[in-house]
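Here the structure is laid out as structure tokens; the discussion comes afterwards.
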Amino acid sequence: MSIFVDNDTRLLVQGITGRDGLFHAMQMRDYGTQVAGGVTPGKGGQTVEGFPIFNSMHEAVAKTDANTSIVFVPVQFASDAIIEAADAGIKLVVCITEGLPVLDMLKAVSYLDKKGTKLIGPNCPGVISPGKSKVGILPGHIFREGNIGVVSRSGTLTYELVSHITNAGMGQSTCVGIGGDPIIGSNFLDVLRLFRDDPQTEAVVLVGEIGGCDEEEAAKFIRQKHSKPAAKFVQQELGKPAVAFIAGRTAPRGKRMGHAGAIISGSSGTAEEKVAALTAAGIPVADEPAQIAQLLKEKLA
Amino acid sequence: MKLLEYQAKEFFAKAGIPVPREKLVLSVNEALSAAGELGLPCVLKAQVGVGGRGKAGGVKLAKTTDEVSSHADAILGMDIKGERVERLLCSEAINFTEEFYASITTDRANRSMVLMVSAAGGVDIEQVAAQTPNKILKISVDPLLGLQTFQTRRAAMFLSDDKEIQKQIAAILAKLYRMYVSNDLSLAEINPLVLTSDNQVIALDAKVIIDDNAMFRHPNFEGYRILSDDEVLEQEAKQHGLSYIKLSGKVGCIVNGAGLAMATMDLIKRYGGEPANFLDVGGSSSPDKMLVAIDLVTRDPGVRSIFVNIFGGITRCDDIASGLLQAAKDAPLTLPVVVRLTGTNEVEAHKILEGTSFIPASDMADGARKAIEQAGGS
């Protein structure tokens, strides 16, 4: 299996005629993703680099039977594009565009929940199930099919960690970058639940950073015991070993470290708190990226 | 972007929320003429971005002209938590009998907005929340529905038993919400919202934070921005698509991606060095961005070495390498630069840098160690 994307993923690229949209449409096709076409309003009917272009998501979905979309459109139009995809019946939207206004995103995630559409991002590198499908901008060559699930708030830091995992001879089931915007679709918990239910995933790597309390929530989830009195076994909610890395131990308070979400406000959101919460939940935290593979090996041994 | 009180009050006034008569002044003389206009007694309030100005002596009641002049003189130029006071708000003194708290903010965890009110206003609301949480009413506002009339009514009834006062509060909350959504705010706070001795509800203080992501919809808000010296550099970086934050160490960092940039700083610290800055050059990096990045980092006189740490995805390593060479050509680099380039087009990149003065690093850890060594240790 794997989560979010696999061999059945049929992808539409929203904003396919833009520089990044077209480049990555080709990269994804080269990786093996089924790219069914793209949407750029006003450019429907054309074919670019072999991709059919449509004027709207409704038309594109009707003609291609796509189930997934990726958003590259400029920020002014990005939340509209996300909502359009859900309205057209798309089941998973991945938004690469960054810096979407918070009030727009509150409305968008609320509408997507109603529609039963999942969202990854905004401001994310996307998702890849190595050997099956890539919906995002991640460099495909550093990944290898395997049994490690990776969930991360970051882009290039994820690549750094994944390359250590791959170089140590291990592969990934799915790698998800959840995004650095203040309001994102899928958070750590949503992704962990999917990894829990995915038979291909045997261990999870969690890549967090300062700001918010997502890592603490994830730690609670991983540690949480089933409280049903009838249950014979007291089992971890995740049911699989997990290891973690947290970025931002040296970050100053009150400064937004690139990502809107990465900010220590008051006394909350510090790396120390996150490391402590994860450690207390039995999740070893690597002190530097190069240690992640060793921690995984110990957990899987 | 966080506004100063007098700027936030402009938002309030435009939204129709009652505020005291007041005037911004920059000198003792201006304070005297403002006090003449507003009448005595009046209140002089330091306009700073940090909290706790009252305790620091930045808010004073002046009953006489002499007091206006001595208080204004004392507050102007005062240092409040590292911020120098350059502006004063001169406000009519209001007699009040009750102090409320009201705010609207984004609840990230619940993906909604939240209206918060309390009859225990005038003090630090986080303290109230920690010690007497039952004194605070939180009402979740559905982003698709917006603030409903019954919600403002419920909040008003929580604050007062008097129907006339409830009416005034409900109207203010409705206006606060309209102001919040139409200006793309991430916080609109009134603390205190007071009941005057003649039964009028009025906002004595105002706090407004604008959602940075929505600034493109409100280009005129840029006029509200007041930058400190460090922030001038941060803003300049932003205009070039870079994210820069100055710190105080010796090892300058140039990295692609915010997470990797933070991890790079952490690693330098772990190996006994001190990072001089956070710098994320972002995705699709053109050679030009490297020129700006090198320029920004080398302008910090404390920097002794530079560590360029790039994991190429969309970023092409050869672009970074060409940018580095160009930067060295434009202005000969006097600082040692350690370069780690991995990922897309790394082979080409390594060729470009071969035989130059740039110091190659095999991986992130190697790069961090070399950069610290070049900086002369910790």
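Any residue that is assigned by TED's automatic domain parsing to the domain that holds B:A365, of a type in the set (S, T, Y), farther than 21 Å from B:S228 by Cα and out of contact with any Lys or Arg (no Cβ under 8 Å at 6 or more places or on another chain) - is there at least one of those in the stretch B:286-303?
yes
Residues in the stretch B:299-327 that are charged (D, E, K, R) and touching an Asp or Glu at 6+ places or on another chain (Cβ under 7 Å): B:D318 alone. Hey, does the stretch B:120-135 have a residue that's away from chain A (no Cβ under 14 Å), free of Cβ contacts under 8 Å to residues at least 24 places away in the same chain and among the small types (G, A, S)? Yes, the stretch B:120-135 contains at least one residue that is away from chain A (no Cβ under 14 Å), free of Cβ contacts under 8 Å to residues at least 24 places away in the same chain and among the small types (G, A, S). Selection of the stretch A:64-90 for residues being buried (at least 24 other Cβ atoms within 10 Å of the Cβ) and among the hydroxyl-bearing types (S, T, Y) yields A:T68, A:S69, A:S79. Criterion applied to A:V93, A:V127 was being within 30 Å of B:M364 (Cβ to Cβ), in contact (Cβ under 8 Å) with a residue 24 or more places away in the chain and buried (at least 24 other Cβ atoms within 10 Å of the Cβ), and the one residue passing it is A:V127.
When each of B:V85, B:V68, B:V43 is tested for being buried (at least 18 other Cβ atoms within 10 Å of the Cβ), in contact with a Lys or Arg (Cβ under 8 Å, 6 or more places away or on another chain) and either assigned by TED's automatic domain parsing to the domain that holds B:I125 or not small (G, A, S) (or both), the lone residue that passes is B:V43. All told, B:S27 falls short of being closer than 30 Å to B:D230 by Cβ and assigned by TED's automatic domain parsing to the domain that holds B:Q127. Number of residues in the stretch B:261-280 that are out of contact with any strand residue (DSSP E or B) (no Cβ under 6 Å at 6 or more places or on another chain) and either crowded, with 24+ Cβ neighbours inside 10 Å or at pLDDT below 95 (or both): the value is 1.
When restricted to residues that are assigned to a strand (DSSP E or B) and either within 23 Å of A:G179 (Cα to Cα) or of a type in the set (F, W, Y) (or both), the stretch B:278-332 contains 8.
Table: residues versus (1) in a loop (DSSP other than H, G, I, E, B); (2) in contact (Cβ under 8 Å) with a residue 40 or more places away in the chain; (3) within 13 Å of another protein chain (Cβ to nearest Cβ).
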{"residue": "A:V162", "(1), (2), (3)": "no, no, yes"}
{"residue": "A:G179", "(1), (2), (3)": "yes, yes, yes"}
{"residue": "A:G185", "(1), (2), (3)": "yes, yes, yes"}
{"residue": "A:F195", "(1), (2), (3)": "no, yes, no"}
{"residue": "A:P199", "(1), (2), (3)": "yes, yes, no"}
{"residue": "A:G208", "(1), (2), (3)": "no, yes, yes"}
{"residue": "A:A219", "(1), (2), (3)": "no, yes, no"}
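A quick yes/no check of all residues on (1) β-branched (V, I, T); (2) in contact with a Leu (Cβ under 9 Å, 6 or more places away or on another chain); (3) not assigned by TED's automatic domain parsing to the domain that holds A:I16:
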site: A:Q34; (1), (2), (3): no, yes, no
site: A:Q46; (1), (2), (3): no, no, no
site: A:N55; (1), (2), (3): no, no, no
site: A:V75; (1), (2), (3): yes, yes, no
site: A:A85; (1), (2), (3): no, yes, no
site: A:G99; (1), (2), (3): no, no, no
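The residues of the stretch A:87-146 that are within 11 Å of chain B (Cβ to nearest Cβ), touching a strand residue (DSSP E or B) at 6+ places or on another chain (Cβ under 9 Å), of a type in the set (A, V, I, L, M, F, W, C) and closer than 22 Å to B:G241 by Cβ, listed by number, are A:I96, A:V102, A:I137, A:L138. With the requirement that a residue be in contact (Cβ under 8 Å) with a residue 60 or more places away in the chain, part of a loop (DSSP other than H, G, I, E, B) and hydrophobic (A, V, I, L, M, F, W, C), what does the stretch A:1-43 give you? Once the filter is applied, which keeps residues that are in contact (Cβ under 8 Å) with a residue 60 or more places away in the chain, part of a loop (DSSP other than H, G, I, E, B) and hydrophobic (A, V, I, L, M, F, W, C), the stretch A:1-43 yields A:M1, A:I3, A:F4, A:V5. Within the bounds of the stretch B:271-281, is there any residue that is among the acidic types (D, E) and within 15 Å of A:R253 (Cα to Cα)? No - not one qualifying residue is present in the stretch B:271-281.
The values are calculated or read from the model by the stated rules, or taken from the named source; none is laboratory data. All of these numbers come straight from a predicted model, not from anything done at the bench. Using ideal geometry, Cβ is built from the backbone for each residue, glycine included, and neighbour counts are taken over all protein chains shown.
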